[in-house]
1. Spot the failing condition for Glu80; the list is (1) out of contact with any His (no Cβ under 9 Å at 6 or more places or on another chain); (2) modelled with pLDDT of 80 or more, and only one is missed.
2. Would you point out which residue out of Met135, Met110 is in contact with a helix residue (DSSP H, G or I) (Cβ under 7 Å, 6 or more places away or on another chain), in a helix (DSSP H, G or I) and at pLDDT 55 or above?
3. For Tyr21, only one of the following conditions fails: (1) over 24 Å from Met135 (Cβ atoms); (2) without any contact (Cβ under 8 Å) to a residue 40 or more places away in the chain; (3) surrounded by 12 or more Cβ atoms within 10 Å (Cβ to Cβ). What is its number?
4. Looking at the range 69-104, which of its residues are open to solvent by 80 Å² or more (accessible area, probe 1.4 Å) and in contact with a strand residue (DSSP E or B) (Cβ under 8 Å, 6 or more places away or on another chain)?
5. Can you tell me which residue in the range 50-72 is farthest from Leu86 (Cα to Cα), limited to those that are under 15 Å from the mean Cα position of the chain (by Cα) and of a type in the set (A, V, I, L, M)?
6. Based on this model, can you work out whether Ser20 counts as of a type in the set (Ser, Thr, Tyr) and assigned to a loop (DSSP other than H, G, I, E, B)?
7. Just to be sure before I move on: is Ser107 under 17 Å from the mean Cα position of the chain (by Cα) and open to solvent by 30 Å² or more (accessible area, probe 1.4 Å) in the structure I sent?
8. Those residues that are closer than 21 Å to Val8 by Cα, open to solvent by less than 80 Å² (accessible area, probe 1.4 Å) and in a loop (DSSP other than H, G, I, E, B), I need them from the range 30-64; list them, please.
Amino acid sequence: FQGKSSMVYVAWNAKDVAVSYYYFYQMAKMHPDPGTWEEFLDKFMTGKVAFGSWYDHVKGWWEKKKDYRILYLFYEDMKECEIQKLLKFLDKDLPEETVDKILYHSSFEMMKQNPSANYTTMPKFSMDHSVSPFMRKDGEGQGSLASCSPWGHKKLDTTE
């Protein structure tokens, strides 16, 4: 964090993260079996998952904005307006054609097809895509959230 560093932090809705992480735990063989959705959600909400508490992580980076040059974005907003915010933050100006290419190549559908982004080059013993693909659904509040049970929604709503 020394000097004139610029950082970009992208946060994702807790409900989407919990559901996505549950499926990731099932397919990524380096993780223990996640158990039922209810068991996993309890672990997620108490930070007893790999990388610890999502809540602490997001809050910690939000608080660092006071002391460091950080652009804090939300995944759900990652469309052209967020690209424009990023360019302004980095003091860059790109032709519209280049911005269009960025939007195209960073779209969910393109990334889902890109082996560099979708982990399909990982061996099955490490990431088993037959259990769940790494990139399941477009997680803009409908893809992953549709898999979240009413119980899960209610439980997660009590902490937001």
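1. Failed condition: (2).
2. None of the other options fit; the residue is Met110.
3. Single failed check for Tyr21: (1).
4. Arg69, Phe74, Lys85
5. Among residues in the range 50-72 that are under 15 Å from the mean Cα position of the chain (by Cα) and of a type in the set (A, V, I, L, M), the one farthest from Leu86 (Cα to Cα) is Ala50.
6. Here the answer is no, as Ser20 does not meet what is asked.
7. Details: under 17 Å from the mean Cα position of the chain (by Cα): yes; open to solvent by 30 Å² or more (accessible area, probe 1.4 Å): yes.
So Ser107 passes the test.
8. Let us first name the residues in the range 30-64 that are closer than 21 Å to Val8 by Cα, namely 51-64.
Restricting the remaining residues to those that are open to solvent by less than 80 Å² (accessible area, probe 1.4 Å) gives 52-55, 58, 60-61, 64.
The answer is Gly52, Ser53.
The values are calculated or read from the model by the stated rules, or taken from the named source; none is laboratory data. Small disclaimer: the values here were computed from a predicted structure and weren't measured. Backbone-built Cβ (ideal geometry, glycine too); neighbour counts: all protein chains shown. Each accessible area value is taken on the protein alone, full model and side chains, heavy atoms only, with ligands, DNA and RNA left out. Shrake-Rupley method; radii C 1.70, N 1.55, O 1.52, S 1.80 Å.
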